[in-house]
Amino acid sequence: MLSSLNPEQLQAATAPFGHNLVIASAGTGKTSTIVARISYLLERGVQPQEILLLTFTNKAAQEMIGRIQSRFGSLAKKIEAGTFHAVSYRWLKAIDPKLVLKQPKELKLLFKSIYERRDLSHFETKAFAASTLFDLYSLYQNAQMEQGFGAWMRKKYPEHEELVPIYEDITLEFEELKSEYGFLSFNDLLLKVIEYKERLPHFTEVLVDEYQDTNNLQGRFLEALHYNSLFCVGDYDQSIYAFNGANIDIIASFHYRYPDARIFNLSKNYRSTKYILDLANRVIAYNERIYPKKLEVMNQKKAVPPKLLAFFDLYEQYEKIARLIKLSSTPKDQIAVIFRNNASADGIEAALRDQGLSCKRKGGQSLFDMKEIKALFDLLSLLLNPKDLLSFIHIFEYAKGIGANSAKELYEALIRCGEGDMVRGVQEPKDIKNPFAKKERSYQLALFEDTLQPASKSRFSHLAIDERIKAHPLLTYPRMSEDAVLFLEDLRVLQKKFRRIKRPRQAIEALRGSFILKYIKKILAKNRAKRKDGSIDKERYYQTIERIERRFALIAHLAHNYDDLYRFYNAMVLGGSEMSQGEGVNLLTVHASKGLEFSEVYVVDLMEGRFPNLRLVSKGGSIEEERRLFYVAVTRAKELLYLSYAKYDRVKKQEFLPSRFLQEAGLLP
């Protein structure tokens with residue numbers, strides 16, 4: 001592998017142990033250099049389990065290990081590789097198998113159920129919505145942990161001073177609940193690893209890909225690791241994740257933090273032609289240079305200068321670009337349309353469809369993000385782990401009359417009825433007069449008073465359910481609906497079945513036949529078949545039912561390849577996040593395009609305000625980051641690059657000026 005490297009790559013790949021930083025600009029062979037470095041370590045006798053490779057996506061890690069495997073065989077699989085989060089999860093599960101990773105959407109629901117118990121209506125300042133406050137708390141964890149959340153909020157949003165104690169209390173209760181049920185967020189994975197740093201393995205070398213996108217929390221994670229040598233690869237001109245807490249100062253200060261640091265520069269660009277690279281360099285030169293670099297063009301194909309496309313109207317832009325793509329001789333899967341904001345995607349997609357061209361939107365909805373599939377795995381998770389409060393909430397929210405907070409109260413009542421055991425709370429409940437008694441909190445702030453009175457169980461006596469459920473204390477809950485009672489009965493039946501089920505395929509088939517999933521399937525089909533006037537399109541309803549059944553059948557087919565139910569669940573839940581759907585022309589946000597390359601690229605909506613996105617700049621972003629986004633977008637192109645803008649939006653009756661980046665690129669007078 002070393003023999004295929006150019007001199008710069010070879011020097012970096014064979015660097016002595018220590019603190020090494022490789023500045024790898026777009027198209028300069030970053031991946032080849034990392035793979036060669038790992039090969040060099042193995043050839044020098046470093047054991048594979050003593051190597052840690054941290055990448056931005058699990059897919060990137062798999063690709064690198066795959067290339068190493070071609071040279072070293074099964075030895076390569078012993079290398080510890082993956083994202084910061086994936087590696088952390090493996091370590092933590094080995095330390096405490098009871099910990100459960102939850103996706104942001106699920107934790108946001110739990111957060112919302114806590115938030116909704118607060119009365120924030122009487123404050124002068126309008127409170128942040130639950131989802132906004134959740135995102136701010138996540139950003140705080142990524143970007144700033146040296147001060148408390150309250151102090152951080154006061155500094156960032158001084159106008160919310162009177163609300164900050166309540167915000168703090170919500171996050172405190174949120175953390176208590178997560179701890180009680182063993183839930184971990186993605187941030188928690190890193191925080192826990194830092195907490196358990198004395199129990200972590202020792203590595204001869206730690207390699208970090210996409211180092212420019214490291215946030216402060218990941219920086220602290222790296223500092224907690226035990227290693228002899230650190231090998232980081234990145235490009236400050238491609239640091240585009242500040243909105244998610246990425247801190248460009250981490251790569252910029254490498255040589256200050258590590259006085260023995262060696263800095264290597266990969267300057268030979270194998271991707272783009274001279275004209276494309278010159279344009280990108282002209283624009284990015286307006287940003288402050290952190291490490292000096294000058295790229296050399298290695299692409300010897302016939303070079304065509306980038307072309308500027310100017311249109312009067314926004315939709316004229318999309319339509320004419322779609323026609324250009326249709327006439328292009330470039331294979332359609334080698335063409336990409338890149339945009340700053342997702343709002344641009346709908347127009348270009350509609351125009352492409354109108355031309356009879358298929359397309360795919362990177363990051364399109366995964367099979368595992370479909371509501372029916374999420375419901376199936378929520379139900380499976382609840383049966384495998386009865387402590388999974390969030391899965392219970394997700395399922396029972398589908399029952400008529402039950403919201404997130406009501407579902408949470410039902411679950412907590414089941415725990416009380418089962419004296420700490422949810423399954424016993426369903427199967428053999430203790431006859432508690434009021435299972436909905438609230439926990440006392442010494443720091444309750446702005447909480448709603450709960451004045452609901454117990455209701456009679458007899459209102460459900462007509463239902464064809466087990467006598468134990470008819471007598472269940474939960475039926476005194478005033479918000480309890482018939483649907484929720486039938487869900488409770490079905491949960492009782494499923495829990496008994498799962499005592500005998502061992503194989504994943506058998507489990508999925510049992511769930512497919514359950515009342516709960518059949519009910520959810522009908523609810524989803526009705527929602528998707530609803531006309532504008534509220535009536536149901538019967539043909540679309542039955543088509544949707546059929547599609548949902550096909551998706552369930554696909555999961556059952558996947559289950560056939562597994563013998564262990566827990567391994568199957570973990571593989572399905574953690575393995576479905578990096579999928580996209582469709583084929584044909586690639587429609588991508590700049591962030592989604594990172595790391596990819598295409599023969600022909602269109603960067604659209606290059607208008608001042610849209611790209612750069614001045615609204616985000618005014619909210620704490622920077623023109624420098626917007627310029628780095630432009631640099632990333634144009635350097636996805638290998639041979640053909642089109643930059644386009646429109647002067648007018650006829651729907652919003654809004655006029656546009658061309659982006660300043662077009663001026664900086666030398667394309668405007």
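The values are calculated or read from the model by the stated rules, or taken from the named source; none is laboratory data. In this text the structure is predicted, and so the values were computed from the model without any measurement. We place every Cβ from the backbone using ideal geometry, glycine too, and count neighbours over all the protein chains shown. These area figures cover heavy atoms from the full protein model, side chains too; ligands, DNA and RNA do not enter into them. Shrake-Rupley method; radii C 1.70, N 1.55, O 1.52, S 1.80 Å.
Go through the residues of region 250-260 one by one and say whether even a single one is at pLDDT below 90, under 22 Å from Val590 (Cα atoms) and β-branched (Val, Ile, Thr). No, every residue in region 250-260 fails to be at pLDDT below 90, under 22 Å from Val590 (Cα atoms) and β-branched (Val, Ile, Thr).
Might you let me know whether region 301-318 holds any residue that is among the aromatic types (Phe, Trp, Tyr) and part of a strand (DSSP E or B)? Give the steps one after another, and end with the answer.
Let us first name the residues in region 301-318 that are among the aromatic types (Phe, Trp, Tyr), namely 311-312, 315, 318.
Retained after the next criterion (residues that are part of a strand (DSSP E or B)): 311-312.
Within region 301-318, one or more residues are among the aromatic types (Phe, Trp, Tyr) and part of a strand (DSSP E or B).
In the set (1) without any contact (Cβ under 8 Å) to a residue 24 or more places away in the chain; (2) open to solvent by 40 Å² or more (accessible area, probe 1.4 Å); (3) among the hydroxyl-bearing types (Ser, Thr, Tyr), Tyr196 fails one condition alone, (1). Within region 20-36, residues that are within 19 Å of Val297 (Cβ to Cβ) sit with their Cβ atoms under 6 Å from residues that are open to solvent by less than 10 Å² (accessible area, probe 1.4 Å) and among the aliphatic types (A, V, I, L, M), at 6+ positions apart or across chains, in these pairs: Ala24/Val233; Ala24/Leu266; Thr28/Leu266; Lys30/Ala24; Lys30/Val233; Thr33/Ala12; Thr33/Ala13.
Here are Glu159, Glu180: which of them is of a type outside the set (Lys, Arg), without any contact (Cβ under 8 Å) to a residue 24 or more places away in the chain and surrounded by fewer than 21 Cβ atoms within 10 Å (Cβ to Cβ)? Give the derivation first.
Values: Glu159 fails: without any contact (Cβ under 8 Å) to a residue 24 or more places away in the chain.
It is Glu180.
Total residues in region 399-416 satisfying the condition of being surrounded by fewer than 21 Cβ atoms within 10 Å (Cβ to Cβ) and modelled with pLDDT of 90 or more: the figure is 4. A single member of Ile114, Ile79 is touching a helix residue (DSSP H, G or I) at 6+ places or on another chain (Cβ under 6 Å), farther than 28 Å from Arg220 by Cα and β-branched (Val, Ile, Thr), and it is Ile114.
If you check Arg282, Arg271 for being crowded, with 18+ Cβ neighbours inside 10 Å and of a type in the set (D, E, K, R), only one passes: Arg271.
Residue pairs whose Cβ atoms lie under 7 Å apart, separated by 6 or more positions or on different chains, with the first residue in region 473-489 and open to solvent by 10 Å² or more (accessible area, probe 1.4 Å) and the second modelled with pLDDT of 90 or more and of a type in the set (Lys, Arg), are Ser481/Lys400; Asp483/Lys400.
Let's see how each residue does on (1) closer than 18 Å to Phe392 by Cα; (2) modelled with pLDDT of 90 or more; (3) of a type in the set (Ser, Thr, Tyr):
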| position | (1), (2), (3) |
| --- | --- |
| Thr476 | no, no, yes |
| Asp483 | yes, yes, no |
| Val493 | yes, yes, no |
| Arg500 | no, yes, no |
| Ile508 | yes, yes, no |
| Leu511 | yes, yes, no |
| Ile520 | yes, yes, no |
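Kindly establish whether Tyr115 is closer than 30 Å to Leu379 by Cβ, in contact with a Leu (Cβ under 6 Å, 6 or more places away or on another chain), of a type in the set (Ser, Thr, Tyr) and open to solvent by less than 40 Å² (accessible area, probe 1.4 Å). For Tyr115, the condition - closer than 30 Å to Leu379 by Cβ, in contact with a Leu (Cβ under 6 Å, 6 or more places away or on another chain), of a type in the set (Ser, Thr, Tyr) and open to solvent by less than 40 Å² (accessible area, probe 1.4 Å) - is not met. Going by what's in this entry, would Ile465 be described as farther than 18 Å from Tyr411 by Cβ, aliphatic (A, V, I, L, M) and either under 31 Å from the mean Cα position of the chain (by Cα) or surrounded by fewer than 17 Cβ atoms within 10 Å (Cβ to Cβ) (or both)? Considered against the rule, which asks whether it is farther than 18 Å from Tyr411 by Cβ, aliphatic (A, V, I, L, M) and either under 31 Å from the mean Cα position of the chain (by Cα) or surrounded by fewer than 17 Cβ atoms within 10 Å (Cβ to Cβ) (or both), Ile465 comes out as no. The set of residues from region 231-253 being in a loop (DSSP other than H, G, I, E, B) and either touching a residue at least 24 places away in the same chain (Cβ under 8 Å) or surrounded by 15 or more Cβ atoms within 10 Å (Cβ to Cβ) (or both) comprises Asp235, Ser239, Ile240, Tyr241, Gly245, Asn247.
Got at least one residue in region 341-348 being out of contact with any Lys or Arg (no Cβ under 9 Å at 6 or more places or on another chain) and buried (at least 19 other Cβ atoms within 10 Å of the Cβ)?
Of the residues in region 341-348, the ones out of contact with any Lys or Arg (no Cβ under 9 Å at 6 or more places or on another chain) are 346-348.
Then keep just the ones that are buried (at least 19 other Cβ atoms within 10 Å of the Cβ); that gives 347-348.
Looking for residues that are out of contact with any Lys or Arg (no Cβ under 9 Å at 6 or more places or on another chain) and buried (at least 19 other Cβ atoms within 10 Å of the Cβ), one finds at least one in region 341-348, hence yes.
Across region 241-259, the number of residues qualifying as among the hydroxyl-bearing types (Ser, Thr, Tyr) and farther than 16 Å from Glu223 by Cβ comes to 1.
Taken together, Asn228, Asn265 contain a single residue that is surrounded by fewer than 17 Cβ atoms within 10 Å (Cβ to Cβ) and touching a residue at least 12 places away in the same chain (Cβ under 8 Å), which is Asn228. The set of residues in region 285-310 being within 19 Å of Asp605 (Cα to Cα) and of a type outside the set (Gly, Ala, Ser) consists of Pro306, Lys307, Leu308, Leu309. Scanning region 317-340 for residues that are open to solvent by less than 60 Å² (accessible area, probe 1.4 Å) and under 26 Å from the mean Cα position of the chain (by Cα) gives Gln334, Ile335, Ala336, Val337, Ile338, Phe339, Arg340.
The residue of region 290-307 that is farthest from Pro612 (Cα to Cα), among those that are in contact with a Phe, Trp or Tyr (Cβ under 9 Å, 6 or more places away or on another chain) and open to solvent by 50 Å² or more (accessible area, probe 1.4 Å), is Met298. Residue pairs whose Cβ atoms lie under 6 Å apart, sitting 6 or more positions apart in sequence or on different chains, and linking a residue in region 313-325 that is among the polar types (S, T, N, Q) to a partner that is open to solvent by 10 Å² or more (accessible area, probe 1.4 Å), are Gln317/Phe311.
Within region 216-224, not a single residue is modelled with pLDDT of 90 or more, of a type in the set (Asp, Glu) and in contact with a helix residue (DSSP H, G or I) (Cβ under 6 Å, 6 or more places away or on another chain).
Please verify whether Tyr256 is outside any loop (DSSP other than H, G, I, E, B) and open to solvent by 90 Å² or more (accessible area, probe 1.4 Å), treating the condition exactly as stated. Explain how you work it out, then say what you get.
Details: outside any loop (DSSP other than H, G, I, E, B): yes; open to solvent by 90 Å² or more (accessible area, probe 1.4 Å): yes.
Yes.
Only a single criterion out of (1) under 24 Å from Arg492 (Cα atoms); (2) in contact (Cβ under 8 Å) with a residue 60 or more places away in the chain; (3) not charged (D, E, K, R) is not satisfied by Phe515, namely (2). Checking each residue in region 520-551 for being part of a helix (DSSP H, G or I) and open to solvent by less than 40 Å² (accessible area, probe 1.4 Å) picks out Ile520, Lys521, Leu524, Ala525, Tyr541, Thr544, Ile545, Ile548. Look at (1) open to solvent by 20 Å² or more (accessible area, probe 1.4 Å); (2) free of Cβ contacts under 8 Å to residues at least 60 places away in the same chain; (3) part of a helix (DSSP H, G or I); (4) over 28 Å from Asn281 (Cα atoms) and you find that Ser39 fails only one, number (1).
Scanning region 614-669 for residues that are in a loop (DSSP other than H, G, I, E, B), surrounded by 15 or more Cβ atoms within 10 Å (Cβ to Cβ) and within 25 Å of the chain's Cα centre (by Cα) yields Gly621, Thr635, Arg636.
In this structure, Gln355 does satisfy being at pLDDT below 90, surrounded by fewer than 18 Cβ atoms within 10 Å (Cβ to Cβ) and in contact with a helix residue (DSSP H, G or I) (Cβ under 9 Å, 6 or more places away or on another chain). Scanning region 367-398 for residues that are among the hydroxyl-bearing types (Ser, Thr, Tyr) and open to solvent by 10 Å² or more (accessible area, probe 1.4 Å) yields a single hit, Tyr398.
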